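Step one of this worksheet: look at the structure below.
The values are calculated or read from the model by the stated rules, or taken from the named source; none is laboratory data. Since the model is a prediction, treat every value here as computed from it, not as a measurement. Methodologically, a virtual Cβ is constructed for each residue, glycine included, from the backbone with ideal geometry; neighbour enumeration extends over all protein chains shown. With ligands, DNA and RNA removed, areas are computed over all heavy atoms of the protein, side chains included. Shrake-Rupley method; radii C 1.70, N 1.55, O 1.52, S 1.80 Å.
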Amino acid sequence: MILSNITVPLLGLVDTAVIGHLDNAYYLAGVAIGTMVISLIFWLFSFLRMSTTGLTAHAFGAKDNLEQMAVLKKGLVLSAFFAVFLLCLQPIVVYILQNHITASKEALEQAQIYFSIRIFSAPAALTNLVLLGWMLGMQYAKGPFYLLLVTNITNIVLDVIFVVLLDFGVAGAAWASVIADYLALFFALFLVSLLLKKHGLSWLKLYIQPITKLKETLSLNRDIFIRSLFLQVCFAFITYYGGRLGDNILAANAILLNFLLLVSFALDGVAYAVEAKVGEAKGQKNITLLKLWVNISLFWGMLFSILYSLGFAIFSDQLIILLTDIPEVVTTAQVYVGWSIILPMLAVFCFIFDGVFIGLTRAKEMRNAMIFSSLIGFFAVFLILESWENHALWAAMSSFMLLRGLTLIKKYRDLVRCGLLIPEKID
């Protein structure tokens, strides 16, 4: 999961690199805005993957094949409904882009080009979230590895062809992502077919399987949606406020956000694994095994966070220059790169314990921790330090990540102390 997840931010780095070497900063600023909007929209629906992983892992641990199929069917039906909703929403989002985002005219034009193309990948992207989550819940980590690896390598190759060789610019980067998303969909369906066959299941049985426990699933998805909304608002605010500080700041922040994504997806690799293993342990009602997986994931998460901090401390200048050759953007990014060095060690606990609580399907606690951390850790800190301008944004992001982890740790310890990790404990 770590190896496959790292390919996601590597794709973002390639997007940034190919656009960052065009002849003006507004191209990179436009992609930053367009990517921010697409990420905000798609990751608001990350509950499709999270809830599917947790519920499937419970069914896998309990050896309940019918429930495994029911979870998959619910996820696919919901993803289709929300994909149609997003496509219908496109004109409203374009209007907001044109009239309520602060950036140069040129940057906004590029952002609109990028978004208007990328939004057509919504049906594939949302369905892929469900299929990815189901494979994780079924303890098939190689499936997501193959899926993300093939998809993102394809996207990277198409980026180079469309942007560098054919000179399609921002539109080329967007089309590369759309094509890769649909390729991923067909490949994911193939992998899931193999997995169904392995467990004596089939698409026909899935079709006739009734949808059960829909109210429980919708309640879980609602809480994860609210959690994701507050998370994405914080990330979007960095791009929004950076636009008010100029295209160079906006472009520099796009580079540093890619550094953060590189960290987050690697740590999410550990978190995805703990989601599946904690969920399985809960399905087996084995609290000893559950605690063991939490401790193992903490060890690996802390190790990788230290390695990332050391890597950024040593190679940050080279990475920035690799991503853009615009002198003003390079200089600006170097001013703020210190935040990228400390963020991995501050953020590790929120990633790991997000995975723990998804595996436990305790979305309400995740939701409450996220709301508190965004309001107090991000926006309150930013308002206090606003005179620091862009430094205030990164200080707010750092405190936000740290507070998310601390609140989830406290809740986990409370559940352990009160014996509520698993309703009926069986060691």
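Name, by its number, the condition in (1) at pLDDT 95 or above; (2) within 30 Å of residue 277 (Cα to Cα) that does not hold for residue 358.
(1)
Quickly run through the stretch 100-124 and pick out the residues that are farther than 18 Å from residue 250 by Cα and not aliphatic (A, V, I, L, M). Let's see the steps before the verdict.
Keep residues of the stretch 100-124 that are farther than 18 Å from residue 250 by Cα, which gives 116-124.
Within the stretch 100-124, 116, 118, 120, 121, 123 meet the criteria.
Within the stretch 330-341, can one find any residue that is hydrophobic (A, V, I, L, M, F, W, C), in contact (Cβ under 8 Å) with a residue 60 or more places away in the chain and not in a helix (DSSP H, G or I)?
yes
Would it be correct to say that residue 263 is under 24 Å from residue 348 (Cα atoms) and either acidic (Asp, Glu) or outside any loop (DSSP other than H, G, I, E, B) (or both)?
Here the answer is yes, as residue 263 does meet what is asked.
Identify the residue in the stretch 380-405 that is without any contact (Cβ under 8 Å) to a residue 60 or more places away in the chain and surrounded by fewer than 17 Cβ atoms within 10 Å (Cβ to Cβ) and, among all such residues, is nearest to residue 277 (Cα to Cα).
The residue in question is 380.
(1) in contact with a helix residue (DSSP H, G or I) (Cβ under 9 Å, 6 or more places away or on another chain); (2) assigned to a helix (DSSP H, G or I): which one isn't true of residue 215, the others all being true?
Failing condition for residue 215: (1).
Got a sec? Which helices (runs of 4 or more DSSP H) wholly within the stretch 71-172 have at least 2 residues that are more than 22 Å from residue 24 (Cα to Cα)? Working first, answer last.
Working: elements: 105-118, 122-137, 142-159.
Counting at least 2 such residues, we get 122-137, 142-159.
Suppose we filter 322, 303, 310 for residues that are more than 14 Å from residue 257 (Cα to Cα), touching a helix residue (DSSP H, G or I) at 6+ places or on another chain (Cβ under 8 Å) and of a type in the set (A, V, I, L, M, F, W, C); which single one remains? Give the steps one after another, and end with the answer.
Working: 303 fails: touching a helix residue (DSSP H, G or I) at 6+ places or on another chain (Cβ under 8 Å); 310 fails: touching a helix residue (DSSP H, G or I) at 6+ places or on another chain (Cβ under 8 Å).
Only one candidate passes the filter, namely 322.
May I ask you to verify whether residue 34 is at pLDDT 85 or above and open to solvent by less than 30 Å² (accessible area, probe 1.4 Å)?
Details: at pLDDT 85 or above: no; open to solvent by less than 30 Å² (accessible area, probe 1.4 Å): yes.
The answer is no for residue 34.
Could you pull out the residue among 73, 63 that is charged (D, E, K, R), out of contact with any Pro (no Cβ under 7 Å at 6 or more places or on another chain) and farther than 16 Å from residue 282 by Cα? Give the derivation first.
Working: 63 fails: farther than 16 Å from residue 282 by Cα.
Step by step, each of 73, 63 is checked, and only 73 is charged (D, E, K, R), out of contact with any Pro (no Cβ under 7 Å at 6 or more places or on another chain) and farther than 16 Å from residue 282 by Cα.
For the stretch 320-329: of the residues being touching a residue at least 40 places away in the same chain (Cβ under 8 Å) and more than 23 Å from the chain's Cα centre (by Cα), which is farthest from residue 243 (Cα to Cα)?
Here is the first cut: in the stretch 320-329, the residues touching a residue at least 40 places away in the same chain (Cβ under 8 Å) are 320, 322-326, 328-329.
So of that shortlist, the ones also more than 23 Å from the chain's Cα centre (by Cα) come out as 322, 324-326, 328-329.
Details: 322: 23, 324: 18, 325: 20, 326: 17, 328: 15, 329: 14 Å.
Taking the candidates together, the pick is 322.
Can you confirm whether the stretch 332-347 contains a residue that is of a type in the set (S, T, N, Q) and over 22 Å from the mean Cα position of the chain (by Cα)? Give the steps one after another, and end with the answer.
Of all residues in the stretch 332-347, those of a type in the set (S, T, N, Q) come to 332, 334, 340.
Restricting the remaining residues to those that are over 22 Å from the mean Cα position of the chain (by Cα) gives 332, 334.
Among the residues of the stretch 332-347, at least one is of a type in the set (S, T, N, Q) and over 22 Å from the mean Cα position of the chain (by Cα), which makes the answer yes.
Does any residue of the stretch 2-25 turn out to be in contact with a Pro (Cβ under 8 Å, 6 or more places away or on another chain) and either modelled with pLDDT of 85 or more or at negative phi (or both)? I'd like the intermediate steps shown before the answer.
Here is the first cut: in the stretch 2-25, the residues in contact with a Pro (Cβ under 8 Å, 6 or more places away or on another chain) are 4.
Okay, now just the ones that are also either modelled with pLDDT of 85 or more or at negative phi (or both), so 4.
Among the residues of the stretch 2-25, at least one is in contact with a Pro (Cβ under 8 Å, 6 or more places away or on another chain) and either modelled with pLDDT of 85 or more or at negative phi (or both), which makes the answer yes.
Out of the stretch 380-419, which residues are of a type outside the set (A, V, I, L, M), part of a helix (DSSP H, G or I) and more than 24 Å from residue 259 (Cα to Cα)?
Within the stretch 380-419, 387, 407, 410, 411, 412, 413, 414, 417, 418 meet the criteria.
Would it be correct to say that residue 345 is closer than 27 Å to residue 53 by Cα and either open to solvent by 30 Å² or more (accessible area, probe 1.4 Å) or not in a helix (DSSP H, G or I) (or both)?
Numbers: closer than 27 Å to residue 53 by Cα: yes; either open to solvent by 30 Å² or more (accessible area, probe 1.4 Å) or not in a helix (DSSP H, G or I) (or both): yes.
Yes; evaluated as a whole, the condition is true for this residue.
Between a first residue in the stretch 161-177 that is open to solvent by 10 Å² or more (accessible area, probe 1.4 Å) and a second residue that is of a type in the set (S, T, N, Q), which pairs have beta carbons less than 7 Å apart while being 6 or more apart in sequence or on different chains?
none
Could you list, in sequence order, the residues of the stretch 102-116 that are surrounded by fewer than 21 Cβ atoms within 10 Å (Cβ to Cβ) and either in contact with a helix residue (DSSP H, G or I) (Cβ under 6 Å, 6 or more places away or on another chain) or at positive phi (or both)?
Correct list: 102, 104, 106, 112, 113.
Any idea which of 318, 232 is surrounded by fewer than 24 Cβ atoms within 10 Å (Cβ to Cβ), assigned to a helix (DSSP H, G or I) and at pLDDT below 90? It would help to see each step written out before you state the result.
Values: 318 fails: at pLDDT below 90.
It is 232.
Out of the residues in the stretch 53-90 meeting the condition of being aromatic (Phe, Trp, Tyr) and under 14 Å from residue 127 (Cα atoms), tell me which one is least open to solvent (accessible area, probe 1.4 Å).
Looking only at the stretch 53-90, we keep the residues that are aromatic (Phe, Trp, Tyr), and these are 60, 81-82, 85.
Checking which are under 14 Å from residue 127 (Cα atoms) leaves us with 81-82, 85.
Working: 81: 134, 82: 43, 85: 101 Å².
The qualifying residue least open to solvent (accessible area, probe 1.4 Å) is 82.
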